[in-house]
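Data first, discussion second: the structure below is written as structure tokens.
Nothing in this text is a laboratory measurement; each read-out follows from the coordinates by a stated rule. What you see is a predicted model, and the numbers here were worked out from it, not measured in a lab. Positions of Cβ are generated from backbone atoms using ideal geometry, with glycine treated the same way; all protein chains shown enter the neighbour counts.
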Amino acid sequence: MSFENIVFFCNDEFLDVDTTHPSSSYYLMNHNLLRHIDLPFENIGFFDGKVENLQDECKRHEQELSKYGTFDLLLTSIGPDGHITFNKPGSSLYSHSRTKALTFETILENRYFIDDNIYKVPKISLNLRIQTILDSKEDAMTITGVENSLALSKCTEGEVNHMWVISVIQLHPSALIVCYENSTSKLLVKTVKYYKNIGDSRLSPPELYINDLNNFGFFQSPLYGSPSASEIRLNNYSLFPNRPFQALPGFY
């Protein structure tokens, strides 16, 4: 696979941190991805946290991105307070790329990259505007760890709220959230079941379940025979006492 014609942008950066420092967003992306692929350096866009005029730097980054319209694919993650990039709680949902003061929780999270010393962690960041996130054609978000479970709940079950910036993803036309099971601990049980059922139906067509289960003899019913694919899909592949996989009325 070649990345020669791909354009890549970093979403945020710490103030006054050189791109060669392990805490730099650019350094992390370069160390883990960019240096391993054939992406030309001129196709990489990133914030420079060492410039004097930060507002001009934010405008420059936004203008560079606007040359390409918007992201075809945006990869994001969140923190326990529900932030996207460094758009922290209370951020305007209509803001432009800008500087943002970091919360104490974020400073604690990032101290490991800077000598495990909270006093060395920058207090200001440069980050992508929220509207750019919403304008992306596709957004794929990863959520891991029980510490992010409340944020996931606010994202999927709560209302759109600037105190939980993650909730703005509800307005995105094509967003995908990939999460570990432990990060769903604050979700309602019916929410987890709902999304797991959707995932199951997408991963394997119902016809495959019919074939597999028939091989084990689950449908040897002289009265009813084998159920249809729609009956399996609608009932979460559950057996009913009177008829295997009987379809529920009103769900067609």
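List, in the order given, every pair from K67/K186; K100/K120; K67/K100; K100/K154 whose Cα-Cα distance in the structure shown is over 29 Å.
As for pairs spanning more than 29 Å Cα to Cα, those are K67/K186.
Local charge sum around D18 (other residues, Cβ-Cβ under 12 Å, Lys/Arg +1, Asp/Glu -1)? Don't skip to the end; give the middle numbers.
On the way: positive: K50; negative: E13, D16, D48.
Net local charge, D18 excluded: -2.
What is the local net charge at I78, summed over the other residues whose Cβ is closer than 14 Å to its Cβ (Lys, Arg +1; Asp, Glu -1)?
-3
May I ask you to derive the relative contact order of the range 8-187, considering only C-alpha pairs under 8 Å and at least 6 residues apart, and to give it as an integer percent?
Contact order relative to length: 24 percent.
Counting other beta carbons within 10 Å of each Cβ, put F46, F41, F9 in order, fewest first.
Taking fewest neighbouring Cβ atoms as first place, the list is F41, F9, F46.
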